[in-house]
Amino acid sequence: MNKIDMSVDLNGLKLKNPITVASGTFGFGREYAEYVDLNKIGGIMVKGLTLEERQGNPMPRVVETPMGMLNSVGLQNPGVEYFIKNELPYLKQYDTKVIANINGNTIEDYCKMAEILSNTSVDALEMNISCPNVKEGGVAFGTDPDMVYKVTKQVRENCNKFLIVKLSPNVSDIKEIGMAAEKGGADCISLINTLIGMGIDIEKQKPILARGIGGLSGPAVKPVAVRMVYEVSKVVDIPVIGMGGIMDYADAVEFFLAGAGAISIGTANFINPRVSMEILKGLEDYLQRKGYSSIKELIGQLKF
Amino acid sequence: MNKIDMSVDLNGLKLKNPITVASGTFGFGREYAEYVDLNKIGGIMVKGLTLEERQGNPMPRVVETPMGMLNSVGLQNPGVEYFIKNELPYLKQYDTKVIANINGNTIEDYCKMAEILSNTSVDALEMNISCPNVKEGGVAFGTDPDMVYKVTKQVRENCNKFLIVKLSPNVSDIKEIGMAAEKGGADCISLINTLIGMGIDIEKQKPILARGIGGLSGPAVKPVAVRMVYEVSKVVDIPVIGMGGIMDYADAVEFFLAGAGAISIGTANFINPRVSMEILKGLEDYLQRKGYSSIKELIGQLKF
Amino acid sequence: MKDRMFCKVLSNVEIAKDIHKLEIERIDGFGEIKPGQFLHIKCGGEGLLLRRPISISYIEKDRIGLIIRRAGKGTKLLCDKKVGETLDVLGPLGNGFSIDDEVEKVIVIGGGIGTAPLLELVKSLKGKDIAVLLGYRDEPYLVDDFEQWVKGVKVATEDGSFGYKGYVTDLLEEEIKNNRVDIIYACGPEIMLKKVQDICNRYKKKSQLSIEERMACGVGACLVCTCKVKAEEKGVKYVRTCKDGPVFWGDEVMFHE
Amino acid sequence: MKDRMFCKVLSNVEIAKDIHKLEIERIDGFGEIKPGQFLHIKCGGEGLLLRRPISISYIEKDRIGLIIRRAGKGTKLLCDKKVGETLDVLGPLGNGFSIDDEVEKVIVIGGGIGTAPLLELVKSLKGKDIAVLLGYRDEPYLVDDFEQWVKGVKVATEDGSFGYKGYVTDLLEEEIKNNRVDIIYACGPEIMLKKVQDICNRYKKKSQLSIEERMACGVGACLVCTCKVKAEEKGVKYVRTCKDGPVFWGDEVMFHE
Ligand SMILES: Cc1cc2nc3c(=O)[nH]c(=O)nc-3n(C[C@H](O)[C@H](O)[C@H](O)COP(=O)(O)OP(=O)(O)OC[C@H]3O[C@@H](n4cnc5c(N)ncnc54)[C@H](O)[C@@H]3O)c2cc1C
Ligand SMILES: Cc1cc2nc3c(=O)[nH]c(=O)nc-3n(C[C@H](O)[C@H](O)[C@H](O)COP(=O)(O)OP(=O)(O)OC[C@H]3O[C@@H](n4cnc5c(N)ncnc54)[C@H](O)[C@@H]3O)c2cc1C
Ligand SMILES: Cc1cc2nc3c(=O)[nH]c(=O)nc-3n(C[C@H](O)[C@H](O)[C@H](O)COP(=O)(O)O)c2cc1C
Ligand SMILES: Cc1cc2nc3c(=O)[nH]c(=O)nc-3n(C[C@H](O)[C@H](O)[C@H](O)COP(=O)(O)O)c2cc1C
Ligand code: FES
Ligand code: FES
């Protein structure tokens, strides 16, 4: 059996393999290091960072839904400076790309964080303009193409790092948003973040989440995610990192065929902490079986 | 056990109970008449009608997804005139509200259909401005508030029937759309129609649906649907008919608490043809258990 | 009023690699059953929402026999059902084969899992002159079951491991050519049915084809299972595989592309 | 590297209404287990995505005992597992109770299903002077199991059907008042734990509380299970129930509202 070439080059960001883990679902890597050799993951999107420490939303923060989950973590994180000092050195021990997920309430927040992170060893920034779990800014940025263009452009000007823009699926036309990010200077796009949903406790007659609404992730959203990855990768020339409900190698193949240059695994980590490695293996076997010699040959090959 | 009052008055449209069946999932009632006494259903939204007969999309038209399904029927229907002549009389034998789901490619189409149906015994029109499975018009109407206002207003002027506007969930801000429909003169809003999704056959490396994309329905979408019903019913003064993934009475209760004045059952009919009756019974038991004497007392009672 | 039914699994035997014969209780709710009809079965399992259409293969006084191929997630769950477990079943659904009493000489041709519904058909054709042609990729199954009712069942396998090496439609052509035939009943993959249609056209023979289409409701309400057929007036008509089929007259079915 | 494990169900007995004692294989992968740790279990079933946290109730050489209350869909599936079926299990997870060898006189107080993890705790406190207080709404369970290790277990039921009629925290107050106590270990519903916290505050006693929070990952990565605790510097710290807990010092936990 010939070794399959699993490396991908995302517009300059080189990953040893196209399997990344999604922001907010893999902490800062430490917790899963007991389960997965982090050296074997293509890239790690760390938990969403903000300028200052954030305590996040009140409990409960999670609801199980049919083949999905709603979360309302609200960007609990120790702040970007703490990350740089205490988490980044840990992650940099490993041979994997470290991607800092940044979140702001204002354009200035994003720019400041980008600036701060420019002088560190992070490999890329993932600008989250789509988190549904914060009150100001957040999701508003992600739903208006003009804002997406503006925030991307300004962050682009404030940092020398590879810049990924992460899109919200809660929009009428994801293509427009993707094109705005590209025009603003994004090196890469990642999608999807969570759909906005709500779950109600019918005995207590109140929402299960303390904040009422939360972000829907997991297999339930996969059909929407595949569609959006397909739509966006058709209209932009920068690579797309696809995510949303990937549970096994077959799901991953759907995203690659739809046009994703890499994928990210989120909720599935919670169910099976070794899922990223199982998907990597499954992908290699699939490529082998189908007669490919590299993952690159699969990307965007949907016959349609 | 006291009898619970299950009747609802939706801004003038009186239903004996708040259980309706969703357009496209119940044909013209005939097929399910073997399973359910149609007299016991609050209202029947018939299969989406167009001015002329439509053959719909090529096969395959369905994909199973995790706790959901994608359909791409593409409004196959015999046309509005055929409906009036051959299906309406059948439905009018039953003591239930008959709601004609109308679909157009242009505002004129909608107006013409509304006019034609004004002179019939249908109890209400449900204007579908959100079908993802037709090429022109359709979904475009449903994602732009100005268009929603315009088409609603013109249809309103062209018909004397109770007018329900059915919204697409594939939008950035469902509240805006709901308010536009209200301003345009809708008597009632129904939501959600299907989310747009895609499923790929990884062996054939092509989309499973002949048209590529389809409409996602079933339990997977419930959290999104509940959230949207909640958001819209907060900002409009007309009633909302809630739907999206309702499988059992507990799901139905979520929608009522969120603000729905009635609910519609779609995909669940496919799994259990008698589900509407089981939900009706389950609701009555729930109301009894919680000490209510009428379903009206439950509507919008979410503590939040 | 009809309802879905909950039937116990009475037996489950793997009769060939990945092919299971599952017998379930025949409870009163089923009513009359015609050969060629199918059941719509809930398989359970994580995330599986829709029912799966499975033909009724044979009927006995107290049981219904199903032949199930382990294809994907749903049929895998069915094949793994244990005796005593309960299945959630809707049916019988569909039109079934039409049987014309006048007819004398009949060919029944099945391919792969498409052989399943033909068993009850053969039983109900008792008394007629029946030729049974069964085709498989490799390992044959159900052959003995057919032999119980009709002697001289002919088998084709693509790899030649059993019987004629090649396609079962080759056997059909031979049979038609060499014998008087009133009607052909066929069930199998689309590619086989197309060939059957071709052959029947060429030899001007009546045929009934049982076709497969993805389904949701199974009762005719959702229109996801449409099949194109020739119609007198407009040239073409869109009918529902689940309700108007799955059995259609061979000269009316218009296969995809 | 750690991995999820697949463990056979060795026995399953309903020990009270809707309360099951499930024993599963203790395979090597589990490694060392501390009392108070939990397993994160995949229940299977239609549409259920997440694992469910279930405390380890007791450990034997070849098996782990779980006590499971039929609460919702997931625990129902667990309670229905048959001997021989396999569970997909992650763990042991969480910190477990801290046991200080110096300590002599201990109270162990459990409410409802919260009694489960205390059993292994009591086993590992052997040699100390232990008072066990168990509270139930109505039907008690596990009492005999505790009696095997500690004589004189006191039981409270809310409906008075067994033992003291009232809340188990009433027994706690009495016990603290009348005896020297070094530490209290508690597990049960939040309302009970709050009362335990109150009482311990009033009597200035150390306590360890095992709390419940909804979880996703169970390993400390997703932050959905945060618990507020008092911290020296900033006054309050957000910690993870799954990883930093589920056992916390009684004087640090800040309960919701
Ligand atoms: C009228 C009819 C009778 C049938 N009788 C039998 C029978 O007797 N024995 C038997 O083994 N199989 C039979 N089939 C095929 C059987 O329904 C499919 O193999 C089964 O639906 C596949 O489900 P899955 O979950 O295993 O596969 P998956 O590929 O995981 O299924 C995914 C989805 O696609 C649908 N699907 C996939 N393949 C087919 C197919 N060939 N036909 C229809 N839907 C499909 C499934 O129903 C499901 O919705 C019949 C099909 C039809 C239409
Ligand atoms: C550390 C810990 C240890 C536990 N130990 C035990 C035990 O030994 N025995 C036992 O019977 N139960 C125990 N529980 C409670 C048990 O996890 C819940 O009863 C179970 O998750 C409910 O799942 P369900 O599907 O039956 O209910 P559903 O209400 O259908 O669950 C829906 C969702 O809510 C979550 N959820 C609901 N109730 C709880 C709860 N009380 N705690 C956490 N999550 C909840 C579920 O995990 C699931 O994600 C423990 C909980 C925790 C946090
Ligand atoms: C608990 C949780 C926390 C998340 N936090 C973040 C975050 O901080 N930043 C971000 O960009 N996305 C966050 N996400 C979104 C995921 O990165 C991912 O986009 C989404 O979950 C879809 O992928 P999945 O279905 O595989 O989980 C979070 C998701 C979950 C479930
Ligand atoms: C097979 C199918 C066909 C549908 N056809 C229509 C239609 O013609 N007109 C319409 O307004 N909605 C149509 N819908 C959408 C449903 O009416 C409903 O809004 C949607 O399915 C969400 O509800 P559910 O999750 O309960 O199915 C269709 C849905 C399905 C599954
Ligand atoms: S499957 Fe619904 S009409 Fe045939
Ligand atoms: S459950 Fe994920 S951090 Fe605790």
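The values are calculated or read from the model by the stated rules, or taken from the named source; none is laboratory data. As the structure is a computational prediction, the values presented were derived from the model and not from experiment. Here the Cβ positions follow ideal geometry from the backbone for every residue, glycine too, while neighbour counts run over all protein chains shown. Please note that ligands, DNA and RNA were not included when accessible areas were found on the heavy atoms of the full protein model with its side chains. Shrake-Rupley method; radii C 1.70, N 1.55, O 1.52, S 1.80 Å.
So which strands (runs of 3 or more DSSP E) are wholly in the range C:30-118 and hold at least 1 residues that are more than 24 Å from residue B:63 (Cα to Cα) and within 16 Å of ligand 2 (Cβ to nearest atom)? Explain how you work it out, then say what you get.
Values: elements: C:38-42, C:52-55, C:63-69, C:86-93, C:105-111.
Those strands (runs of 3 or more DSSP E) do not exist here; none qualify.
Could you list, in sequence order, the residues of the range A:262-287 that are part of a strand (DSSP E or B) and more than 14 Å from chain D (Cβ to nearest Cβ)? Reasoning before the result, please.
Start the filter on the range A:262-287 by keeping residues that are part of a strand (DSSP E or B), which leaves A:262-265.
A:262, A:263, A:264, listed by residue number.
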Response to the item:
residue B:77 meets each of (1) free of Cβ contacts under 8 Å to residues at least 40 places away in the same chain; (2) away from chain C (no Cβ under 14 Å) with one exception, condition (2)
Item to complete: Kindly list, by first and then second residue, each pair from a residue in the range D:58-80 that is touching a residue at least 60 places away in the same chain (Cβ under 8 Å) to a residue that is part of a strand (DSSP E or B) and open to solvent by less than 60 Å² (accessible area, probe 1.4 Å), limited to pairs with Cβ atoms under 7 Å and residues at least 6 apart or on different chains.
Response: D:58/D:65; D:67/D:19; D:67/D:21; D:79/D:20; D:79/D:68
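Look at residue C:232 and say whether it is open to solvent by less than 80 Å² (accessible area, probe 1.4 Å), away from every other protein chain (no Cβ under 14 Å) and more than 16 Å from ligand 5 (Cβ to nearest atom). Outline the logic, then answer.
Values: open to solvent by less than 80 Å² (accessible area, probe 1.4 Å): no; away from every other protein chain (no Cβ under 14 Å): yes; more than 16 Å from ligand 5 (Cβ to nearest atom): yes.
Criteria not met by residue C:232.
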Worksheet item: Taking the range C:205-218 as the search range and keeping residues that are open to solvent by 10 Å² or more (accessible area, probe 1.4 Å) and part of a loop (DSSP other than H, G, I, E, B), which one is nearest to ligand 3 (Cβ to nearest atom)?
Response: C:214
Discussion item. What's the number of the only condition in (1) away from chain A (no Cβ under 14 Å); (2) in contact (Cβ under 8 Å) with a residue 40 or more places away in the chain; (3) open to solvent by 10 Å² or more (accessible area, probe 1.4 Å); (4) farther than 20 Å from residue D:113 by Cβ that residue D:194 fails to meet?
Written reply: (4)
Practice prompt. Give B:240, B:236, B:224 a once-over and let me know the one that is under 20 Å from residue B:25 (Cα atoms), at pLDDT 95 or above, out of contact with any Lys or Arg (no Cβ under 7 Å at 6 or more places or on another chain) and more than 11 Å from every other protein chain (Cβ to nearest Cβ).
Written response: B:240
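Taking residue A:228 as the residue in question, decide whether it is touching a helix residue (DSSP H, G or I) at 6+ places or on another chain (Cβ under 7 Å), in contact (Cβ under 8 Å) with a residue 40 or more places away in the chain and within 16 Å of ligand 3 (Cβ to nearest atom).
Details: touching a helix residue (DSSP H, G or I) at 6+ places or on another chain (Cβ under 7 Å): yes; in contact (Cβ under 8 Å) with a residue 40 or more places away in the chain: yes; within 16 Å of ligand 3 (Cβ to nearest atom): yes.
It is true that residue A:228 is touching a helix residue (DSSP H, G or I) at 6+ places or on another chain (Cβ under 7 Å), in contact (Cβ under 8 Å) with a residue 40 or more places away in the chain and within 16 Å of ligand 3 (Cβ to nearest atom).
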Practice prompt. Would you confirm whether any residue within the range A:51-59 is more than 7 Å from every other protein chain (Cβ to nearest Cβ), touching a residue at least 24 places away in the same chain (Cβ under 8 Å), touching a Pro at 6+ places or on another chain (Cβ under 6 Å) and open to solvent by 10 Å² or more (accessible area, probe 1.4 Å)?
Written response: yes
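Determine whether the range D:170-183 contains at least one residue that is more than 14 Å from chain A (Cβ to nearest Cβ), open to solvent by less than 70 Å² (accessible area, probe 1.4 Å), of a type in the set (S, T, N, Q) and in a loop (DSSP other than H, G, I, E, B).
Taking the range D:170-183 and keeping what is more than 14 Å from chain A (Cβ to nearest Cβ), we get D:170-183.
Of the ones still in play, those that are also open to solvent by less than 70 Å² (accessible area, probe 1.4 Å) are D:170-173, D:175-176, D:179, D:181-183.
Narrowing the set further to residues that are of a type in the set (S, T, N, Q) leaves D:179.
Adding the requirement that they be in a loop (DSSP other than H, G, I, E, B) leaves D:179.
Yes, some residue in the range D:170-183 is more than 14 Å from chain A (Cβ to nearest Cβ), open to solvent by less than 70 Å² (accessible area, probe 1.4 Å), of a type in the set (S, T, N, Q) and in a loop (DSSP other than H, G, I, E, B).
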Discussion item. Residues that are within 27 Å of residue B:198 (Cβ to Cβ): list the strands (runs of 3 or more DSSP E) wholly contained in the range B:1-71 that include at least 3 such residues.
Written reply: B:62-65, B:68-71
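Which residue, of A:191, A:167, A:209, A:163, is under 27 Å from residue B:242 (Cβ atoms), in contact (Cβ under 8 Å) with a residue 24 or more places away in the chain and either open to solvent by less than 10 Å² (accessible area, probe 1.4 Å) or at the interface with chain B (Cβ under 8 Å from one of its Cβ atoms) (or both)?
Details: A:191 fails: under 27 Å from residue B:242 (Cβ atoms); A:167 fails: under 27 Å from residue B:242 (Cβ atoms); A:163 fails: under 27 Å from residue B:242 (Cβ atoms).
The match here is A:209.
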Worksheet item: Taking only pairs six or more apart or across chains, which ones have beta-carbon atoms under 8 Å, a first residue in the range D:1-22 that is over 19 Å from residue D:74 (Cβ atoms) and assigned by the TED database to the domain that holds residue D:39, and a second residue that is surrounded by fewer than 14 Cβ atoms within 10 Å (Cβ to Cβ) and among the aliphatic types (A, V, I, L, M)?
Response: D:10/D:83; D:11/D:83
Discussion item. Could you tell me how many of the residues in the range B:171-202 are away from ligand 4 (no atom under 16 Å from the Cβ) and over 20 Å from residue A:144 (Cα atoms)?
Written reply: 8
Worksheet item: Going by the structure shown, is residue B:304 within 11 Å of another protein chain (Cβ to nearest Cβ) and either modelled with pLDDT under 95 or surrounded by fewer than 24 Cβ atoms within 10 Å (Cβ to Cβ) (or both)?
Response: yes
Worksheet item: If you scan the range C:218-247, which residues turn out to be closer than 23 Å to residue C:34 by Cβ and either β-branched (Val, Ile, Thr) or in contact with a Cys (Cβ under 7 Å, 6 or more places away or on another chain) (or both)?
Response: C:218, C:219, C:220, C:225, C:226, C:229, C:239, C:240, C:241, C:242, C:245, C:247
